[in-house]
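Undergrad: Please find one structure pasted underneath; my questions will follow.
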Amino acid sequence: MGLVTDIVLPLVLAFMMFTLGLGLRVSDFGRLLTQPRDMVTGLVFQMLLLPLVGFLLVSSWPLAPEIAMGVMLIAMAPGGVTSNFLTSLARGDVALSVSLTAVASLLSVVTIPLILGMAYQQIVGEALDGEVSIGKTAVSIFLIVTVPVLLGMAVRRFVPGLTDRGAPYATKLSTLFFVLVLAGAILQERENVVAYFAEAGLVTLALNIVMMALAFLGAQALGSGPEQRISICIECGLQNGTLAIAVGVLIFGGGAYVIPAATYSLIMFATGLLFLTLARRKLIPAANVE
């Protein structure tokens, strides 16, 4: 497993983030200025409210510390690239979704280590030791998330022809990698997966449903438009499961720590598709999608 966890998994995640970068422009980050209300709403819900909801759930749920930390790992992960695709199908604001994914992914180099340290202190009752330090976590995330995104943006900027031809294939390959990582995480714990799903399934389902509801209703209360509410809701519901699994493996060695990310990744597709169906059939309150 050393080769898989130490080399293959980080490379898979790095490629997925590189693929994300291929679809980004500098202008995507400019929406913080041109669309500040929706961007700030989405980022606050994604980066602050979601971990808070996760912490409240694991604090009130009878969970083993490893499972509880696994729930926090998925709660502190940024949105996944799949959210952009589902937003498009749901007729939401795709540009906003892309921008939120991009900014949240880059901010994760700061937010994940900080939230991880605080959550570990509260759940386990002790600080992260030297081998699992906040600094080491930040460096790891920077190398496998931030650098690949910036490289992808650079390739798009300076080799646009290659990007236009290769991006669709890279996206499909990235999706395949995600499925393989998810299958690998489940296969590694196949003897315990039923027990883990019984333990982590309900809390991850609650996290997903509660957060999507809060994101949609919160964005509505703050004045976001119909398309923007759809985007923010999906962005807060579809997390980067691969990143959560990678952090769980790189920092804690995998095991029970990655099970909540695996169960959440399966659940979020079901709830995401349900939300997509409701949105396209105009059954989402005040969605008014055409």
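Read-outs: derived from the displayed coordinates by stated rules, not from any lab. Please read these numbers as outputs of a predicted model, since none were measured by experiment. Quick reminder, even Gly has a Cβ in these numbers, built from the backbone with ideal geometry, and neighbours come from all protein chains shown.
Undergrad: Take the alpha carbon gyration tensor of segment 201-285, find the square roots of its eigenvalues, order them as a ≥ b ≥ c, and report rounded if a/c is under 1.5; if not, report prolate when a/b exceeds b/c, else oblate.
TA: Since a/c reaches 1.5 and a/b is larger than b/c, the shape of segment 201-285 is classed as prolate.
Undergrad: Name the residues of segment 92-107 whose amide N is less than 20 Å from a point 7 angstrom out from the Cα of ALA154 along the C-beta direction?
TA: In segment 92-107, the label zone of ALA154 (backbone N under 20 Å from the point 7 Å along Cα→Cβ) covers 102-103, 105-107.
Undergrad: Could you compute the FRET efficiency for ILE209 and ARG165, with r as their C-beta to C-beta distance and R0 at 25 Å, rounded to 0.05?
TA: Approximately 0.05, to the nearest 0.05.
Undergrad: Now, a different point. Need the C-alpha centroid separation for segment 93-115 versus segment 28-88, integer Å.
TA: Between the Cα centres of segment 93-115 and segment 28-88 lies a distance of 9 Å.
Undergrad: If you keep only loop residues by DSSP, which GluC sites (Glu not before Pro) in segment 63-131 have at most 10 other Cβ atoms within 10 Å of their Cβ?
TA: GLU126
Undergrad: Step by step: find N for the chain, compute 2.2 N^0.38 Å, then divide the Cα radius of gyration by it. What's the final number? Intermediate results must be reported in sequence, preceding the final value.
TA: Details: Rg = 17.9 Å, N = 290, 2.2 N^0.38 = 19.0 Å.
This ratio for the chain stands at 0.94.
Undergrad: With springs only between Cα atoms under 10 Å, which of GLY218, GLY125, GLY241 fluctuates most in a Gaussian network model of the chain?
TA: Most flexible of the set in this elastic network: GLY125.
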